[in-house]
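No value in this document is a laboratory result; all are computed from the given coordinates. Predicted model, so just to flag it, every value in this text is computed and none were measured. Positions of Cβ are backbone-derived with ideal geometry, glycine not excepted, and every protein chain shown enters the neighbour counts.
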Amino acid sequence: MELFLKSLTLPGLTIPGNLLLAPLAGYSDAAFRSICTQWGSNLCYTEMVSAQGIIRNNAKTLELLRRADNETLFAVQIFASDPQSAASAVRMLGVHRPDLFDLNCGCSVPKVLKSGCGAALLREPERIRTILRAMGGETDRPITVKLRSGWDQNSINFLQTAEAAQRGGAAMLCLHPRTRTQGFSGQAQMSHLKTLKSYSAVPVIGSGDLFTPEATRSMFRASGCDGVMFARGALGNPFIFRATWELLSGKRQSPPPTPKERLETALQQLRLTVTFKGEQRGCKDMRKHFCYYSKGIPGAAELRAQAVRAESVEDYQNLVERFL
Ligand SMILES: Cc1cc2nc3c(=O)[nH]c(=O)nc-3n(C[C@H](O)[C@H](O)[C@H](O)COP(=O)(O)O)c2cc1C
């Protein structure tokens, strides 16, 4: 029996397992993190949070810092372009008592790149180091870093950025082994992950194309990574945490969730979303999740078409009841 499941030991923090939820802007809010935790995620990252937004007390930014009741560990990812703003953000985040911070060095959205944040940092490894040092000066909590393989095909430099991150005090590294120019196209390069693992002195988490428990096992096998992070594969499918845990622990596999279970989980997430964001915003924000939950359910196209117009919890409940 291959042993892939384990806890992750960071300075001052033990993460009880190694199946994590990736930061997902627009998706990994408190409600979704709560549902993923319920299905076995060992740690869920918040969506990326702007350091500038925190400093300016921007209401929309601060809303991203809600924490779900069942989140025993709270991991906040920030994006920043310089040491001063990153340090200020970490200091101000202290009141939210995060257990862990993460620095985003992978986002390839033009607006984020233009401000020198996200994947833009991959071009300046030394800046990654100084930002992490500055963050570390403001907290005793571990700081992790999420990297891509490099800026483009001609500048694959994950070993350099990872090394700089470790010199800056990074307690764990996550690699999405694609370049910034690749975005989400092509395949995640397992060989990059394997190379990083063989050089890294801190735990390495793999991200990329984890859509099934089997793909996750393949990533563990191919790279020797210490843990994995589900992203698109968890959208509408928080069940992937349990299924992966079962596969990797050699337990009998539970049957896949029925359409009823999937839609009921969606409704559960909806109710949580509404408690955090109110009914109007919550119902609107839930539409995209609802589409993911109903994906692949035979005959659900009409359900999806109606869900994008749902405006109240009752609307959603009626839709599901009629469908089932
Ligand atoms: C909608 C969406 C939002 C994302 N938001 C973030 C983010 O806020 N921070 C980050 O570091 N990565 C973000 N990512 C990247 C994911 O965390 C992950 O590394 C990437 O999707 C690769 O994993 P996958 O192929 O299994 O989806 C995002 C990806 C998607 C699809």
## Note on the structure
Convex hull around the C-alpha positions of segment 259-323: the volume in Å³ per residue is 62
### Task
Could you list which residues have their amide H under 5 Å from that of Asp102, counting only those 5 or more apart in sequence or on another chain, with H placed in the peptide plane?
Val76, Gln77, Ile78, Thr144
### Summary
On each of the three principal axes the extent of the alpha-carbon atoms of segment 85-230, given in whole Å and largest first, is 40, 29, 25
#### Entry: Calculated log₁₀ intensity ratio I(q)/I(0) where the Debye formula runs over C-alpha points of segment 1-71, q = 0.14 Å⁻¹
-0.52
### Summary
Counting only DSSP beta bridges fully inside the chain, the antiparallel percentage to nearest 5 is 10
### Task
Show the residues, 5+ positions off or on another chain, whose built amide H is closer than 5 Å to the amide H of Trp151.
Asn157, Arg180
### Task
Can you tell me the alpha carbon radius of gyration of the chain divided by the globular rule-of-thumb value 2.2 N^0.38 Å?
0.98
### Query
Under 27 Å from the Cα of Lys284, which lysines turn up, not counting those fewer than eight places away in the same chain?
Lys60, Lys111, Lys260, Lys295
### Query
Is it possible to state the helix-based mean residue ellipticity at 222 nm for the chain, with each DSSP H run of 4+ residues giving -39500 (n - 2.57), the sum divided by total residues, to the nearest 500 deg cm²/dmol? What is it?
-13000 deg cm²/dmol
#### Entry: Relative contact order [Cα under 8 Å, 6+ residues apart], the chain, whole percent
15
### Task
Report the local net charge at Thr181: Lys and Arg +1, Asp and Glu -1, summed over other residues whose C-beta lies under 15 Å from its C-beta.
+3
### Task
Using Cα positions and a limit of under 25 Å, work out the lysines in reach of Lys194, with same-chain residues fewer than 8 apart set aside.
Lys6, Lys146
